[in-house]
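Only one structure is covered here, and it is reproduced in the block below.
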């Protein structure tokens, strides 16, 4: 079957999903003829997760990427010093809002290619340099205290000269060891939509990505390459906008105890997720197989309580590391 991706917004399926691209100016400057300020930003601002394998060998990943937008070649060729601080106040506020207990990863457990001081990083961007990635190496993942939550709260707090700091200035980078359910899977099963003539795409490749000690986020690696479930609309691949499951497990029993929507409960378009208690809802470590039933609720489409629009019945067979 010749499958293509149907991205027509007129279907009302992907509305609300943002596919954004950023353009780094590099050595192209606007028609301001050199007027304006140097602006420094964090390219990957926001919340992110670095999930590592439970290995004693060192593992490296990108922590953050600092970028310098220059209004002229002369400005680009002027060295710039940027301070990226460990923002304890931001971490405290995050913990308060989310009822978490994140703390800064102890310095003896990692190294960075730009050395970290007690209060953060001082980045010296040379003449002509517009990108300063900070690469992070977890030296031994087995030495982490698995009863604790670790993160880097990073905020650009100062730059020298006449530069300005972008609103994209803070990243909250969680450092986790991949949990037992993280991996690449082949999904088979059924899907029933009570409001539209849409069907499941089976079998499909699917990733479960560690997002907490006991949670994994569903991710489509093939079609949308994003947090979506690929589905079939006729002969085309489509998807439900602002909907993707987060599975929470009980580590003592391997049972799935909760399913939520990564985009919110509900998301901006009114969709939420829930666990179907009639399912086995269980990970079998012997066969590396997950069986789960879950719902997509959407009151706008199904006005009668409990507002279940879509029934998912999945078997996920682990195929390897993602």
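Computed from the coordinates by the stated procedures, all read-outs in this text should not be read as laboratory data. Keep in mind that this is a model prediction, so the values were computed, not measured. Neighbour counts are summed over all protein chains in view; Cβ atoms, including those assigned to glycine, are modelled from backbone coordinates with ideal geometry.
In whole angstrom, note down how far apart the Cα centers of the range 101-147 and the range 248-281 are. Spelled out, the Cα-based centre of one part sits 34 Å from the other. Taking every DSSP helix (H) stretch of at least 4 residues in the chain, weighting each as -39,500 (n - 2.57) and dividing the sum by the residue count yields a mean residue ellipticity at 222 nm of -1000 deg cm²/dmol. Annotation for residue 252 and residue 235: the two label points, set 7 Å from Cα along the Cα-Cβ direction, are 5.4 nm apart. Here the chain is treated as a sphere whose radius is the Kirkwood value from Cα pairs; by Stokes-Einstein at 20 °C and 1.002 mPa s it diffuses with a coefficient of 97 µm²/s.
The length gained by stretching the chain between residue 88 and residue 282 to full extension, at 0.36 nm per residue less their Cα-Cα distance, is 66.0 nm. Remark: the range 179-320 is approximated by an ellipsoid whose semi-axes, taken from the C-alpha gyration tensor as √(5λ), come to 23, 17, 14 Å, largest first. Against the empirical 2.2 N^0.38 Å (N residues), the range 179-225 has a Cα radius of gyration ratio of 1.34.
Over the C-alpha trace of the range 42-103, radius of gyration and Dmax come out as 16.8, 47 angstrom. Here the label points at residue 77 and residue 317, each 7 Å from Cα along the C-beta direction, are separated by 6.2 nm in the simple model. In the range 39-177, inverting the average of 1/r over every pair of distinct C-alpha atoms gives 15.7 Å as the Kirkwood radius.
Computed extension gain for residue 148 through residue 119, at 0.36 nm per residue and net of the alpha carbon distance, reaches 8.3 nm. Name the residue, out of 45, 252, 127, whose mean-square fluctuation peaks in a Gaussian network model built on the chain with Cα pairs under 10 Å. Fluctuation is largest for 252.
Relative contact order of the range 179-320, taken over Cα pairs closer than 8 Å and 6 or more residues apart, is 23 percent.
The residue 197 and residue 160 beta-carbon pair, evaluated with R₀ = 56 Å, returns a calculated FRET efficiency of approximately 0.40. Between the Cα long axis of helix 88-98 and the first principal axis of the chain there is an angle of about 10°, rounded to the nearest 10. Full extension of the segment from residue 205 to residue 48, taken as 0.36 nm per residue of separation minus the current Cα-Cα distance, would add 54.2 nm. Note on residue 37 and residue 214: the model spin-label points, each 7 Å out from Cα along the C-beta direction, lie 4.6 nm apart. Comparing 188, 287, 78 in a Gaussian network model of the chain (Cα springs below 10 Å), the most mobile by mean-square fluctuation is 287. Backbone N atoms of the range 181-206 closer than 20 Å to the 7 Å Cα→Cβ label point of residue 100 belong to residues 181-183.
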